[in-house]
């Protein structure tokens, strides 16, 4: 009994003194959800306190806590620390992504205030779903166990299903939500079976740990001396990894698991589409990086042929995703659907960095690269991904925000409805121009540096496998192709005259200021990228020593 009591006391002390402190941003969001639900229960409260005010305060509190944690980690030089019995990990990489999600949440809440979606009556429900999905994404960014891997994805996904169908009385919205639920359930089932195979094969679900058996160490014990794919265990491992990738590819809308994305984005409000296009990408890529590092991030390469092939397979998927997303966007007439295919394409660009990371870490020793070169190149891959995610937040949210704000004046989200608006709503249309050219990757905007850093890491990975050069060429060509469909939106705004029956619009100053708030960081990240690249570099050096 004494040993049980001592164990219980240690568990309580570890939870209250350390784990809850590391989990404070999620607790702030959880507390906000409780307040919002109480506001829904006692409807008279929202007469004095609007739901958006509560949501804005809660998101700002989470952002402040995330910022403080990231600064403390970088200033103290801490590497990583497990909490909640190793289920989650507290490190600069997770803190960076969680801070990114908290900043994004603040901007999305501010956007909903300006657009009026949701209305006052449905506000508590909508913001509770929004915050619940964000908590799931934050758990994804810090997950250190396959159970939290699955739980984070499901916590992020289930509220998203409801938000896609949140617009009442719209057939497209209900249809999109139904498709999203069905496809999401299928992908989750496949992923869960892959997780069970993986945990059963390796005997653990912990990704990386210094205090307990993890997947990296068990992989080295189980497959020591094995190099090929001939054994049954190797084939089972590969099958399990591929099945887990189905769930991640679905969240990232990678081809061929992209089919839900255009319908969901078109059926949902532009605010929800913008949230899904950035938030789910950031969280899923953080989870994908941790998952890949659990296999190839160790000091000794295990199954180098298999995981080098896996990295190349990710590169093939990235090339197909980028090409399909850009080509499919050409024929779109709906702005949200066009941006949905743009989102698919940019997921492919970011996947190139992960592909290069896996190829370098798995095949670098066999290619004769020194340990220092391998580590430096892997760090550049993570650095490029983090910088791209940071600038992607502003430029992609900016594009969806302009669509949402113009929708309130034109009552349409078709590209033709934007004809001639460049002179009636210059702030919004200039914001769209800045975001569109940054999405293309033109200098001197932030998107240029994001793609440049990723392409540089892919080029360096070509020393390990020749396909990286092919991926680099395909990425460069697609950058040129994407210019045409972005310019089509700008042509409608600045060159094509408005229809005679179109009524003139007047955009309030607050809306124009919000658009500039999103466009200015895109420009500054292109002119002065050093601060962000240095921050991303410091985070990557801790994640990949």
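Angle check, please: helix 24-41 long axis (alpha carbons) against the longest principal axis of the chain (alpha carbons), in degrees 0 to 90, nearest 10.
Relative to the chain, helix 24-41 is tipped by roughly 50 degrees.
Need one number: nm distance between label points at residue 531 and residue 502, each 7 Å from Cα along Cα→Cβ, rounded to one decimal.
3.7 nm
What Kirkwood Rh does segment 225-353 have if only Cα atoms enter the pairwise 1/r average? Answer in Å.
Result for segment 225-353 stands at 15.7 Å.
In nm, to one decimal, how far is the modelled label at residue 330 from the one at residue 196, with both set 7 Å along Cα→Cβ?
4.5 nm
Find, to one decimal place in angstroms, the Kirkwood hydrodynamic radius of segment 252-304, where the mean of 1/r is taken over every pair of different Cα atoms and then inverted.
13.1 Å
Could you list the square roots of 5 times each eigenvalue of the Cα gyration tensor of segment 189-298, that is, the equivalent ellipsoid semi-axes, sorted largest first and rounded to whole Å?
With the √(5λ) rule applied to segment 189-298, the semi-axes are 32, 16, 10 Å.
Can you compute the label reach from residue 175? Point 7 Å from Cα along the Cβ direction, backbone N cut-off under 17 Å, restricted to segment 408-429.
413-414
Find the all-direction average of the projected area of the Cα convex hull for segment 112-267, expressing the result in square nanometres with one decimal place.
The directionally averaged projection comes out at 11.2 nm².
How many angstrom lie between the C-alpha centres of segment 417-483 and segment 99-165?
Cα centres, segment 417-483 to segment 99-165: 27 Å.
Provide the convex hull volume over Cα atoms per residue for segment 313-355, in Å³.
Per-residue hull volume (Cα only) is 39 Å³.
Based solely on C-alpha atoms, express the radius of gyration and the Dmax of segment 142-198 in angstrom.
Here Rg and the maximum Cα pair distance are 13.6, 43 Å.
Helix 92-115 against the longest principal axis of the chain: what's the angle in degrees, Cα atoms only, rounded to the nearest 10?
Long axis of 92-115 versus the principal axis of the chain: about 20 degrees.
For 193, 180, what ranking results if the residue with the fewest other Cβ atoms within 10 Å of its Cβ goes first?
193, 180
Hey, what number do you get for the chain at 222 nm if only DSSP H runs of n ≥ 4 count, each worth -39500 (n - 2.57), divided across all residues, to the nearest 500?
Theoretical 222 nm ellipticity from helices: -25500 deg cm²/dmol.
For residue 119 and residue 41, FRET efficiency with R0 = 25 Å and r from the beta-carbon atoms, rounded to 0.05?
Plugging the Cβ-Cβ distance into 1/(1 + (r/R0)^6) gives 0.85.
Please pull out the direction-averaged projected area of segment 345-428, using the convex hull of its alpha-carbon atoms, in nm² to one decimal place.
Its average projected convex-hull area is 7.1 nm².
Å³ per residue of the Cα convex hull, for the chain?
153 Å³
Can you give the three extents of the C-alpha atoms in segment 46-113 along their principal axes, from longest to shortest, in whole Å?
Over segment 46-113, Cα extents along the principal axes are 46, 24, 15 Å.
Based on the alpha carbon coordinates of segment 328-476, what radius of gyration and maximum Cα-Cα distance (Dmax) apply, in Å?
18.5, 60
Relative to the longest principal axis of the C-alpha atoms of the chain, give the angle of the C-alpha long axis of helix 426-440, reported between 0 and 90° and rounded to the nearest 10°.
30 degrees
Please compute, for the alpha-carbon atoms of segment 230-276, the extent along each of the three principal axes and give them in descending order in Å.
49, 16, 9
Could you give me the percent of Cα pairs per 5 Å distance bin for segment 425-545, shortest bin first, beginning at zero and ending with the bin that holds the maximum distance?
Taking every Cα pair in segment 425-545, the percentages come to 2, 10, 14, 16, 17, 15, 10, 7, 5, 3, 2, 1, 0.
What spacing in nm lies between the two simple spin-label points modelled at residue 491 and residue 516, each 7 Å away from Cα in the Cβ direction?
It is 3.0 nm.
Kirkwood hydrodynamic radius, segment 475-545, all distinct C-alpha pairs: what's the number in Å?
Over segment 475-545, the inverse of the mean reciprocal pair distance is 16.5 Å.
Every read-out reported here was derived from the displayed coordinates using simple, explicitly stated rules and does not represent laboratory data. A quick note: this is a predicted structure, and the numbers were derived from the prediction, not measured. Heads up, the Cβs are rebuilt from the backbone with ideal geometry, glycines too, and the neighbour counts pull from every protein chain shown.
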